[in-house]
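Asker: After the structure tokens below, expect a handful of questions from me.
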Amino acid sequence: MNVPIPKSTHLPPQALQFERAVLGAMLLEKPSVGQVLSQLPELAFYKAEHQLIYAAIQALATESQAVDQLTVVQYLKGKGTLERAGGMAYVAGLTMHVNSAANLDTHSRIILQQYMRRVMIEATTKAQAKAYDEGLDPLEVLAELQMQFTSLHQVIDQRPAQTVADHFDAVFAKLEADVLKPGLTGVPTGLTQLNDATGGWQPGDLVVIAARPAMGKTAVMLAQAREASLDHDKHTAIFSLEMPAAQLVQRLVSSEVEGYSNSDLRRGNIEGGAPEVASIREKAKRLKTLGHRLHIDDTPGLSIQQVRAKCARLHAEHPLGLVMVDYIQLMKGDQKSRGNREQEISSISRGLKELAKELMVPVVALSQLSRDVEKRGGQKRPQLSDLRESGAIEQDADIIMFLWRGEYYKIEEYEDGSPTEGTLLMDIAKNRNGSVGEIIVGCELKRGLLYDLGDAPASAELPPAAAEFQPRVIAVSTAGDFGQPAPFQKAPPDAPF
Amino acid sequence: MEAYSRQMAVAVRRAIREADSARFAHLLAYYRQRGGPGLALIEAEQLLRQQRQHLNHSPQAA
């Protein structure tokens, strides 16, 4: 059903006298040009003539040409738009409307306010029509509306050009804070070697954790989310497109409470009955008292626009420290890309990277790997080409980390002879701002626990690898080696990560 | 330092040269307020027009 957009009888908000005054000031005073260009988008001008003149001023300034009456007229003439812009006399007449450029900021703000009103009217009018359309998903309509308002906020919150001097003190304040926790500048991962390799998950980065099923992707995500939200006070948003929120919370409980696996809790396999349940509840109460920092959204089939809109809303309520998505292939891309899976995945990865930069938080996204890994002989180790329908994931991600458990494939030993039992291999195959290489950590997946080898929790069934602990950095190479499988070898004890 | 590209300088010079006296007066007042490379061009044209006018009114011309 297509509902026509309702027509308003009101004249759209506008401030033509201020538009003329601002354009006139730009033609009269050189400093006005830069000042206004940094504040107003072309569409902020209501009158089509003014948009054309403003676009000409913008183009001349971009080409470092002097902006004056004659150059603007010449530019418009060259483009064949002088008549549509009101003609030579109209451009010349604009300078007559300027008394002083002293009020330029005020005039620009009035133009911007009227523009905001027009955008809001247009967006809500369209949304109204779409809301009547039974064929459209209301969540998508809402997400689109939120996106439009978010972009409007971005127009208003224009950051002034910044200088090195502006940042100098802030850089040293951060450095002073960083020396107290050397190497760890981002969101802690809870794993020493991973922290050393990445400095923690960095704001603005897109981290892709990719693996075949049963390798422990969700466990890794939850362990990182627990670490960030419960141990380091970071509000964390999890978008779980696969697993319902209640199941995730059940997994978190089994991670918090010794002696019970996730499967015990799922089946109610608890000796001691109701009193023991009360005891478990007491032991896991940290999830209740601090759990307000861990936000879970288990809406299935979310689109990238919906995730961005939800994050923008959450971020406005509680500044987020980490965003996690489980997993990319279950998301929908933007509407334009639908139908072509590769383009859709590309639009998702690009959207996640933009989200990371918009909110300046790390975005950790899980990704499913293709079956090609299983078909491959030998150790069935994943590689970059295995990123299913990978599209632009490889380009958009700042870090790509593969997970691999030899134990799952009945491979009992790593190439150096150490046992794979109870361990998880994290292969950092791409690291834009750091080194690539492999890390082995201990894991107890039935409780969703990950730990540094040699640092096993008291309750963990100690794997042979942990028992004969050695520094477990088994291969390190520089970022330049990106994509090259690193050979298995034990690093010396003073290895860089 | 503001500047015109070569093509723009040619175009602006032509527009100034072709301006009738009323438009020329408007442009002169405008560039005196605006400054920039246009002012140099219009002042050069003004000088040229003054010289031409002087020549037209000189005894030899008469």
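Asker: Counting just the residues of region A:234-287 that are closer than 17 Å to A:LEU449 by Cα and of a type in the set (Ser, Thr, Tyr), which one comes out surrounded by the fewest Cβ atoms within 10 Å (Cβ to Cβ)?
Answerer: If we take residues in region A:234-287 being closer than 17 Å to A:LEU449 by Cα and of a type in the set (Ser, Thr, Tyr), then A:SER263 is surrounded by the fewest Cβ atoms within 10 Å (Cβ to Cβ).
Asker: Same structure, new question: What's the number of the condition B:ALA3 fails, among (1) of a type outside the set (Ser, Thr, Tyr); (2) in contact with a Leu (Cβ under 8 Å, 6 or more places away or on another chain); (3) within 9 Å of another protein chain (Cβ to nearest Cβ)?
Answerer: (2)
Asker: Kindly provide the set of residues from region A:127-146 that are buried (at least 16 other Cβ atoms within 10 Å of the Cβ) and not hydrophobic (A, V, I, L, M, F, W, C), ordered by number.
Answerer: Those that are buried (at least 16 other Cβ atoms within 10 Å of the Cβ) and not hydrophobic (A, V, I, L, M, F, W, C): A:LYS130, A:GLU140, A:GLU144, A:GLN146.
Asker: Please work out which residue is farthest from A:LEU70 (Cα to Cα), limiting yourself to region B:11-43 and to residues that are of a type in the set (Asp, Glu) and surrounded by fewer than 13 Cβ atoms within 10 Å (Cβ to Cβ).
Answerer: So in region B:11-43, the residues of a type in the set (Asp, Glu) come out as B:18, B:20, B:43.
With the extra rule that they be surrounded by fewer than 13 Cβ atoms within 10 Å (Cβ to Cβ), the set shrinks to B:18, B:20.
Details: B:GLU18: 12, B:ASP20: 15 Å.
Top of the filtered list is B:ASP20.
Asker: Against the definition (more than 7 Å from chain A (Cβ to nearest Cβ), loosely packed, with under 12 Cβ neighbours inside 10 Å and not in a loop (DSSP other than H, G, I, E, B)), how does B:GLN46 come out, yes or no?
Answerer: No.
Asker: Does any residue in region B:7-22 that is within 11 Å of chain A (Cβ to nearest Cβ) come within less than 7 Å, Cβ to Cβ, of a residue that is of a type in the set (Val, Ile, Thr) six or more places away or on a different chain, and which pairs are these?
Answerer: Once the first residue is within 11 Å of chain A (Cβ to nearest Cβ) and sits in region B:7-22, its partners that are of a type in the set (Val, Ile, Thr) give B:MET8/A:THR71; B:VAL12/A:THR71; B:ILE16/B:ILE42.
Asker: Can you list the strands (runs of 3 or more DSSP E) found entirely within region A:357-445 that contain at least 2 residues being among the acidic types (Asp, Glu)?
Answerer: Numbers: elements: A:363-368, A:399-404, A:423-431, A:436-444.
Where strands (runs of 3 or more DSSP E) fall fully within region A:357-445 and carry at least 2 residues being among the acidic types (Asp, Glu), they are A:436-444.
Asker: Here are A:MET360, A:MET324: which of them is touching a Gly at 6+ places or on another chain (Cβ under 8 Å) and of a type in the set (A, V, I, L, M, F, W, C)?
Answerer: Working: A:MET324 fails: touching a Gly at 6+ places or on another chain (Cβ under 8 Å).
When all the criteria are applied, what remains is A:MET360.
Asker: Continuing with the same structure: Quick one: count up the residues across region A:93-132 that are farther than 22 Å from A:LEU40 by Cβ and not charged (D, E, K, R).
Answerer: We begin by selecting, within region A:93-132, every residue farther than 22 Å from A:LEU40 by Cβ; these are A:124-132.
So of that shortlist, the ones also not charged (D, E, K, R) come out as A:124-125, A:127-129, A:131-132.
Of the residues in region A:93-132, 7 are farther than 22 Å from A:LEU40 by Cβ and not charged (D, E, K, R).
Asker: Please state which one of A:ARG109, A:ARG84 is away from chain B (no Cβ under 14 Å), in a loop (DSSP other than H, G, I, E, B) and surrounded by fewer than 17 Cβ atoms within 10 Å (Cβ to Cβ). Full working, then the answer.
Answerer: Working: A:ARG109 fails: in a loop (DSSP other than H, G, I, E, B).
On inspection, the qualifying residue turns out to be A:ARG84.
Asker: Filter region A:171-191 down to the residues that are charged (D, E, K, R) and modelled with pLDDT of 70 or more, then identify the one that is surrounded by the fewest Cβ atoms within 10 Å (Cβ to Cβ).
Answerer: The selected residue is A:GLU176.
Asker: Check A:PHE168, A:PHE149 and return the single one that is at pLDDT 80 or above, part of a helix (DSSP H, G or I), among the aromatic types (Phe, Trp, Tyr) and open to solvent by 80 Å² or more (accessible area, probe 1.4 Å). Quick ask: steps written out before the conclusion?
Answerer: Details: A:PHE149 fails: open to solvent by 80 Å² or more (accessible area, probe 1.4 Å).
Of A:PHE168, A:PHE149, the one residue that is at pLDDT 80 or above, part of a helix (DSSP H, G or I), among the aromatic types (Phe, Trp, Tyr) and open to solvent by 80 Å² or more (accessible area, probe 1.4 Å) is A:PHE168.
Asker: I would also like to ask the following. Give me the residue from region A:17-71 that is among the acidic types (Asp, Glu), closer than 24 Å to B:ALA11 by Cβ and more than 14 Å from every other protein chain (Cβ to nearest Cβ) and, out of that set, most open to solvent (accessible area, probe 1.4 Å).
Answerer: If we filter region A:17-71 for residues that are among the acidic types (Asp, Glu), which is where we start, we get A:19, A:29, A:42, A:49, A:63, A:68.
In the following step, the residues that additionally are closer than 24 Å to B:ALA11 by Cβ were identified as A:29, A:42, A:49, A:63, A:68.
Subsequent filtering for residues that are more than 14 Å from every other protein chain (Cβ to nearest Cβ) retains A:42, A:49.
On the way: A:GLU42: 73, A:GLU49: 53 Å².
Once the filter is applied, the top-ranked residue is A:GLU42.
Asker: I've got another one for you. Condition test on A:GLU468, is it open to solvent by 30 Å² or more (accessible area, probe 1.4 Å) and at pLDDT below 85? Spell out how you get there, then give the answer.
Answerer: Working: open to solvent by 30 Å² or more (accessible area, probe 1.4 Å): yes; at pLDDT below 85: yes.
The answer is yes for A:GLU468.
Asker: Let me ask you something else. Go through region B:23-33 and give me each residue that's over 21 Å from A:PRO31 (Cα atoms) and either touching a residue at least 40 places away in the same chain (Cβ under 8 Å) or at the interface with another protein chain (Cβ under 7 Å from one of its Cβ atoms) (or both).
Answerer: As a first pass, look at region B:23-33 and keep what is over 21 Å from A:PRO31 (Cα atoms): B:23-26.
Selection gives B:HIS26 alone.
Asker: Just checking, how many residues over region A:195-229 are part of a strand (DSSP E or B) and farther than 17 Å from A:GLN329 by Cβ?
Answerer: Total satisfying the criteria: 1.
Asker: Any residue at all in region A:218-233 that is surrounded by fewer than 20 Cβ atoms within 10 Å (Cβ to Cβ) and within 20 Å of A:GLY437 (Cβ to Cβ)?
Answerer: no
Asker: All but one of (1) surrounded by 14 or more Cβ atoms within 10 Å (Cβ to Cβ); (2) at pLDDT below 90 hold for A:ASN431; which doesn't?
Answerer: (2)
Asker: Please give the helices (runs of 4 or more DSSP H) falling wholly within region A:230-319 in which 2 or more residues are more than 30 Å from A:SER337 (Cβ to Cβ). Write out each step before concluding.
Answerer: Working: elements: A:245-256, A:262-267, A:273-283, A:286-289, A:304-317.
So the answer is A:245-256, A:262-267, A:273-283, A:286-289.
The values are calculated or read from the model by the stated rules, or taken from the named source; none is laboratory data. As the structure is a computational prediction, the values presented were derived from the model and not from experiment. Glycine gets a Cβ as well: all are built from the backbone with ideal geometry, and neighbour counts include every protein chain shown. Accessible surface areas use protein heavy atoms only, side chains included; no ligands, DNA or RNA. Shrake-Rupley method; radii C 1.70, N 1.55, O 1.52, S 1.80 Å.
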